[in-house]
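Q: Sharing a structure with you now.
The values are calculated or read from the model by the stated rules, or taken from the named source; none is laboratory data. Just so it is clear, the model here is predicted, and its values are computed rather than measured. What goes into the accessible areas is simple: the full protein's heavy atoms, side chains included, and nothing from ligands, DNA or RNA. Shrake-Rupley method; radii C 1.70, N 1.55, O 1.52, S 1.80 Å.
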Amino acid sequence: MTGDGREGGRRDDEVRGARRIPGPRGAVDDLDLETVERPVLPPPGGSAPDGSVPEQGVPEENEAAAPEVGAPDEADDGVPEPDEPYEPEEPEEPEEPDRPEEPDEDGSAPEPPHAVTADASASASAPVLSHRVLKALLGAWALSACSAEETAAVEDHLTVCAPCADEALRLRDAVGLLHTDGSLDLDPALRTRVLDGCLGRRPARVPIPEWATAYDAETARLDALLRDIGDSDWHAPVRLQWFEDERAVTRRTTVAGVIGHLMAVDGLLSAALGLDDPLAGTGTGAAAGTGALGTAEVNAGAEVPLSPTRRTETYWAATYPPATRAVREPWRALTHELIRTASLAGPNVAERSVSYGEFALPLQDALLDRAFECWVHGTDIAEAVDYPYKPPSAAHLHRMIDLAARMLPAALAGRRGAGLAGPARELVAPGAPGRSVHLEVEGHGGGDWYIALDSPAAVGSPDRAVAQVALDGVEFCQLVAGHISPVEAAAGQEGDREAIRDVLFASASLSRL
């Protein structure tokens with residue numbers, strides 16, 4: 001800019017009517033407008049000068065030499081009317097001079113590039129901006145924060161400038177990551193894929209047994225949820241629900257209470273592996289500095305382990321004040337210890353019996369049962385704190401459904417002994433095929449199972465199927481967890497209605513606190 005306020009010798013009336021935009025904000029390579037001297041605006045109602053525009057901050061001794069604001073120049077025929085607004089000229093970069101103007105074919109001088117004609121004003125064409133200004137607008141353009149004129153100028157520039165087009169594409173992709181309307185939860189199979197990739201490059205010295213991977217994955221997912229919630233969320237009310245005595249039963253607790261419940265039941269697996277009971281003694285597995293279970297009661301249950309419900313009720317009664325987030329660390333340490341011990345114990349440990357008081361399961365099925373409960377209660381917690389939580393991976397969900405299907409014949413026999421199921425119609429030798437219900441689980445983790453009806457020692461067979469029931473995979477797990485009623489679970493039924501009812505109610509009876 002020259003000292004008289006003109007830029008590159010261009011006349012002020014050539015740019016007076018051009019559309020201008022605010023300078024770009026926050027960009028590293030933008031022109032520092034603070035260092036550029038700004039012209040003084042004419043008084044309201046006055047006409048803009050055609051000559052030099054007085055510079056700001058004129059010293060007092062030079063006031064007499066400063067040109068008078070609003071004085072018209074008789075040589076200038078392009079002065080705007082008094083009612084036309086005056087807009088200061090946008091400074092341009094000195095290293096990017098305008099193209100030299102070439103005369104038209106008839107010898108007349110072309111219009112200045114920044115002059116706005118009546119037709120151009122009517123069409124609201126995009127402003128002519130420098131490369132640096134357009135580059136600084138890319139971020140606002142990606143966020144859809146530009147005006148219509150700025151958007152048109154940027155998009156026109158992107159068609160001729162490859163570097164800016166690449167940068168705009170990257171910015172648009174980055175803006176997509178800022179949207180929070182999608183699920184924040186990771187794919188349940190992501191952890192497994194990452195571990196498989198790592199172990200493919202460097203195999204583990206002591207690998208986790210295949211039958212323990214579901215428990216490892218579900219405890220890790222639940223722990224990730226617990227790390228994300230705040231301190232106040234640990235006291236959020238959680239409603240636990242299960243099916244008992246032909247009806248739905250509910251119990252209210254807190255997020256911390258649910259984790260204490262999981263730790264109390266995990267103690268049954270600890271005893272089977274020769275580890276210390278996490279609830280024994282004073283202070284272990286407790287919150288707020290109180291003990292969880294007395295040593296005498298744990299010792300009394302050493303020969304006949306406490307049932308999961310009794311262990312949980314005892315823990316809740318012993319934790320006063322209520323448990324806080326301090327319960328997370330002992331629970332997570334226990335899950336790590338269970339996986340580590342099961343991995344180091346060798347293959348024979350998979351068949352070691354774990355007693356639940358009224359029934360027992362092999363350790364490999366007990367860990368799968370604990371994985372199922374981690375997912376179910378993780379979903380309860382997620383609903384209480386409004387957190388996205390997906391079902392397990394298809395492979396792990398399939399194993400959970402398979403465990404429930406294998407437990408159904410014994411559950412049917414127990415209900416029949418209590419007079420809650422229809423009588424056996426065809427008793428067969430152990431291991432022989434008997435009357436069956438075809439359980440078709442569709443969707444995520446689904447498959448086909450044949451449930452023996454008359455004896456837990458019989459084998460389900462498609463040739464002896466008397467009925468078929470179809471459910472979604474997640475829906476069947478919700479039925480087994482006691483979260484939905486048996487009469488609302490089946491999407492499709494065909495065949496013996498009594499057999500279908502017995503299987504559905506037996507599935508719901510597998511649920512517990």
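Q: Read phi for every residue in region 485-501 and hand back ³J(HN,Hα) as whole Hz from Karplus 6.51 cos²θ - 1.76 cosθ + 1.60, θ = phi - 60°, with x for Gly and Pro.
A: Each residue of region 485-501 in turn: 6, x, 6, 9, 7, 6, 7, x, 9, 8, x, 4, 5, 5, 5, 5, 4 Hz.
Q: How long are the semi-axes of the ellipsoid equivalent to region 334-420, from square roots of 5 times the Cα gyration tensor eigenvalues, in whole Å, largest first? Provide the component values of the computation, followed by the final result.
A: Numbers: eigenvalues 117, 97, 30 Å².
They are 24, 22, 12 Å, listed largest first.
Q: Which ³J(HN,Hα) values, rounded to whole Hz and listed in residue order, are derived for region 404-409 from phi using the Karplus coefficients 6.51, -1.76 and 1.60 in 6.51 cos²θ - 1.76 cosθ + 1.60 with θ = phi - 60°, glycine and proline given as x?
A: Ordered by residue, 3J(HN,Hα) equals 5, 5, 6, 8, 5, x Hz.
Q: For residue 432, what residues show an amide H to amide H distance below 5 Å, using hydrogens built from the backbone and excluding near sequence neighbours?
A: Hits under the 5 Å cutoff: 459.
Q: Please list, in chain and number order, the residues 5+ apart from residue 360 or on another chain whose amide H is under 5 Å from its amide H, with Hs placed from the backbone.
A: It is none; the list stays empty.
Q: Report, to two decimal places, the Cα Rg of region 392-447 normalised by 2.2 N^0.38 Å (N = number of residues).
A: After normalising by residue count via 2.2 N^0.38 Å, the value is 1.38.
Q: Quick one: which residues, 5 or more positions from residue 472 or on another chain, have an amide H under 5 Å from its amide H? H modelled 1.01 Å from N in the peptide plane, none for Pro or chain starts.
A: 442, 491
Q: Which whole-Hz couplings ³J(HN,Hα) result when phi for each residue of region 374-384 is put into the Karplus expression 6.51 cos²θ - 1.76 cosθ + 1.60, θ = phi - 60°, listed in order with x for Gly and Pro?
A: 4, 5, 4, 6, x, 5, 4, 5, 4, 5, 6
Q: Can I ask one more? In square nanometres and to one decimal, what's the mean projected area of the convex hull around the Cα atoms of region 371-502? If you can, show how the numbers build up before the last one.
A: Numbers: hull surface 33.5 nm².
For region 371-502, the mean projected area of the Cα convex hull comes to 8.4 nm².
Q: Keeping all protein chains in the complex and leaving out DNA, RNA and ligands, what accessible area do you get for residue 501 with a 1.4 Å probe, in Å² to the nearest 10?
A: 110
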